[in-house]
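First the structure, in the form of structure tokens, and then the observations on it.
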Amino acid sequence: MAFFPPLLLHYYITYHCNCRCPFCDIWHSKLYSNTTNTRVNDVKQNLIQAKKLGVKFVDFTGGEPLLHPKINILLKIAKELGFRTSLTTNCLLYPQKAETIKGLVDFLHFSLDSLNKIQHDDLRGKNVFNKVMHSIDTARTLGESPDLLYTVTDQNVDQIIPLSEFAKRLGLILIVNPVFSNGNRHTVSFKNLKFLEKYQFKPYVYINRAFHRLRKNGGNRKKNPRCRVVSSTLVISPDNYLLLPCFHFNNKKIVIKNSLLKIYNSQEFKEYKHKQGRFDFCANCVLNCYFDPSFVYKCDAYFFESLQAKVQYIYYKHIKKKFDVLFGRLDYRPALEIVKEIYKENDTSGLSL
């Protein structure tokens, strides 16, 4: 499937963040300090050219993407060009921005790592739990259907129990996202990956077992790489550089200056495509955000397991939810009330609210 055009554009529109998550280094790394937000005109030019390359999805990311003062304009440009859009937020700013981005995000993700306020706030480094609950209520009032992005570590793996129940009652997808190691204590053991897999067929739970298979197989192998990051994904920085081969391990920054098409067709880009997954830093890599699109580019066990997860996502998001709405199965009370009820009914984690 090497002839496929790139599928996804990861657009880093800001490196600023208002959370302090211990499993992320953007907020404290000197590499990202004193940086500027992306310019609207650069985004428009790059999206026009990305569309010509065949890109289907654009993920506006960061940092915290809602910190960009013109995020609604960027989303509107992408939608007018026919892209499917995605955005992940910690929810600190969502209640203020909700009206302005309504209907502009196809895949809206709210970070929720625990149904316990203390634990979630500890994992985010800020008092954000109540904002997430308020954001869920706001989004549902506006007719939005956000997914709940659950970043799993060995410390919060037991939260799959109350979180899956919470997602089912609200009719929102729980995306189970195993954290990748970045040199700190936040990892997910094979034992806990197996524990998570018990929930793969629970209603509204999205678990991509291809990620688990990749980890159990030792991650990417340089001699026979599974990574297709350069083929599948374009990565653009706030200061308008194309990052190669990816954001986390980029060793080449090419200034774009309205030349994305030219860069893509250059010999240098083709060489990076040939080397994808073969650099020394590619050994044992398990970065979810790059392997998710990479799995599309080769027909193997990873492809089929990832496809199964996508089909299940579509079923719960667009089919089962319609029936649950029709038959009155969803709970429309304030999210925080539902959280308290779940903990009252199920004393599973030993954590109090």
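The values are calculated or read from the model by the stated rules, or taken from the named source; none is laboratory data. Keep in mind that this is a model prediction, so the values were computed, not measured. Quick reminder, even Gly has a Cβ in these numbers, built from the backbone with ideal geometry, and neighbours come from all protein chains shown. Calculation scope for accessible area: heavy atoms of the full protein, side chains included, ligands and nucleic acids excluded. Shrake-Rupley method; radii C 1.70, N 1.55, O 1.52, S 1.80 Å.
Here are a few things to note about the model shown:
- From the list THR14, THR36, the lone residue that is modelled with pLDDT of 85 or more, crowded, with 17+ Cβ neighbours inside 10 Å and either of a type in the set (Val, Ile, Thr) or over 20 Å from the mean Cα position of the chain (by Cα) (or both) is THR14.
- Flag if PRO293 is more than 30 Å from PHE129 (Cβ to Cβ) and open to solvent by less than 60 Å² (accessible area, probe 1.4 Å): yes
- For segment 77-103, filtering for residues that are of a type outside the set (Gly, Ala, Ser), in a loop (DSSP other than H, G, I, E, B) and either at positive phi or surrounded by fewer than 19 Cβ atoms within 10 Å (Cβ to Cβ) (or both) leaves 4.
- Close pairs from segment 70-90: first under 24 Å from ARG124 (Cβ atoms), partner crowded, with 16+ Cβ neighbours inside 10 Å and acidic (Asp, Glu), Cβ under 7 Å, at least 6 apart: SER86/ASP59; THR89/GLU64; ASN90/GLU64
- Test: residue in segment 67-74 that is within 18 Å of the chain's Cα centre (by Cα) and open to solvent by 50 Å² or more (accessible area, probe 1.4 Å): yes
- Figure legend. Inter-residue proximity from segment 110-137: first residues without any contact (Cβ under 8 Å) to a residue 60 or more places away in the chain and closer than 17 Å to LYS97 by Cβ, second residues open to solvent by less than 40 Å² (accessible area, probe 1.4 Å) and acidic (Asp, Glu), beta-carbon distance below 8 Å, spacing 6+ or different chains. Indicated pairs: PHE110/ASP147.
- Residue within segment 162-169 that is within 18 Å of the chain's Cα centre (by Cα) and either without any contact (Cβ under 8 Å) to a residue 24 or more places away in the chain or outside any helix (DSSP H, G or I) (or both) present: no
- Being of a type outside the set (Val, Ile, Thr), at pLDDT 95 or above and not in a strand (DSSP E or B) is not true of ASN250.
- For segment 108-133, a residue qualifies if it is modelled with pLDDT of 95 or more and surrounded by fewer than 17 Cβ atoms within 10 Å (Cβ to Cβ), and the qualifying residues are ILE118, ASN130.
- Qualifying residue in segment 329-351 (condition: at pLDDT below 95, in a loop (DSSP other than H, G, I, E, B), over 30 Å from THR141 (Cβ atoms) and touching a Lys or Arg at 6+ places or on another chain (Cβ under 6 Å)): no
- Of the residues making up segment 192-199, at least one is touching a strand residue (DSSP E or B) at 6+ places or on another chain (Cβ under 9 Å), open to solvent by 10 Å² or more (accessible area, probe 1.4 Å), over 18 Å from LYS117 (Cβ atoms) and part of a helix (DSSP H, G or I).
- Filtered residue count, segment 200-229, keeping only those that are in contact with a Phe, Trp or Tyr (Cβ under 8 Å, 6 or more places away or on another chain), open to solvent by less than 10 Å² (accessible area, probe 1.4 Å), of a type outside the set (Gly, Ala, Ser) and outside any loop (DSSP other than H, G, I, E, B): 3
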